[in-house]
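Have a look at this one.
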Amino acid sequence: MANQIDIANFALQKLGAQRISSLTQNTEAARIVSSVWNICLHDVLRARPWNFALGRALLPKLVEKPLFDYEGLFLLPSDHLRLHRIGDHFTDQNWAKFNPTPMPDYAIEGNRLLTDIPAPLKIVYIRRIEDSNLFDPSFVQCLATRIAAEICFGITQKANLRDTLMQEYLFSLNDSGALSASEKPPEFAPDSTWILSRYT
């Protein structure tokens, strides 16, 4: 698997820039990559439900209650980046069509989730992954291209190349979604209680 420097050099290669040996190296390229690494990493992780980054949790309800609007307060996992599923409901618009019933009301405020759904609260979420050894090849491609697009103008002063790289990133992101989906059986939300009632 690619490590952090491999990914950084993959991004620099797309710009025709010199390779680096460390993000702390005293070069302009290393400083620029280092300055955008975490921003780009978290942005690409949040962009889609990567299989390697998904995590599950059963959240207990906190004793503290919200001041208004909701009955329950839940503490999100410390590595939470984005919610993918709450209970049996997908939160992403591209997945919401599989929801068995209308999306339950909820809100995320800081590291807490507010909702009326009873505990324990089932969630599937995108985790903050820092270990590059866990990244799959399609994620590496997307991250390197995203970094290259972000630092492009600062290194090359070529706005057209930046735009081309961003389009390449979006294409790779879409393509990786199809690859990721093929690595597991189709994921369907359970039948709604209305549908189930027709067979009882």
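Taking the Cβ of residue 121 as the centre, find all other residues whose Cβ is under 13 Å away and add up their charges (Lys, Arg: +1; Asp, Glu: -1).
Computed value for this residue: +2.
Still on this model: Taking each pair of distinct Cα atoms in segment 53-129 once, what is the resulting Kirkwood hydrodynamic radius in Å?
On the way: mean 1/r = 0.0786 Å⁻¹.
This gives a value of 12.7 Å.
Among 39, 126, rank each residue by its count of other Cβ atoms within 10 Å, from fewest to most, as a rough exposure measure.
So the residues, fewest neighbours to most, are 39, 126.
Compute the length gained on full extension between residue 156 and residue 88: take 0.36 nm times their separation in residues and subtract their Cα-Cα distance, giving the result in nm to one decimal.
Values: separation 68, 0.36 × 68 = 24.48 nm, distance 4.70 nm.
Contour length minus the Cα-Cα distance gives 19.8 nm.
Got the relative contact order for segment 53-129 handy, in percent, Cα pairs under 8 Å and 6 or more residues apart? Walk me through the numbers on the way to the answer.
Details: 147 pairs, mean separation 36.6, N = 77.
Once normalised by length, the contact order is 48 percent.
If I take every Cα pair under 8 Å that is 6 or more residues apart in segment 1-153, average their sequence separation and divide by the length, what percent do I get for the relative contact order?
Values: 232 pairs, mean separation 52.2, N = 153.
The normalised contact order for segment 1-153 reaches 34 percent.
Considering just Cα atoms, how many Å³ per residue does the convex hull of segment 1-98 enclose?
On the way: hull volume 17.2 nm³, N = 98.
Considering the Cα atoms of segment 1-98, their hull volume per residue is 176 Å³.
Each reported figure results from applying straightforward, stated rules to the coordinates on display, with no laboratory input. Bear in mind the structure is a predicted one, so any value in this text is a computation, not a measurement. Cβ coordinates were reconstructed from backbone atoms using ideal geometry, including for glycine residues, and neighbour counts include every protein chain displayed.
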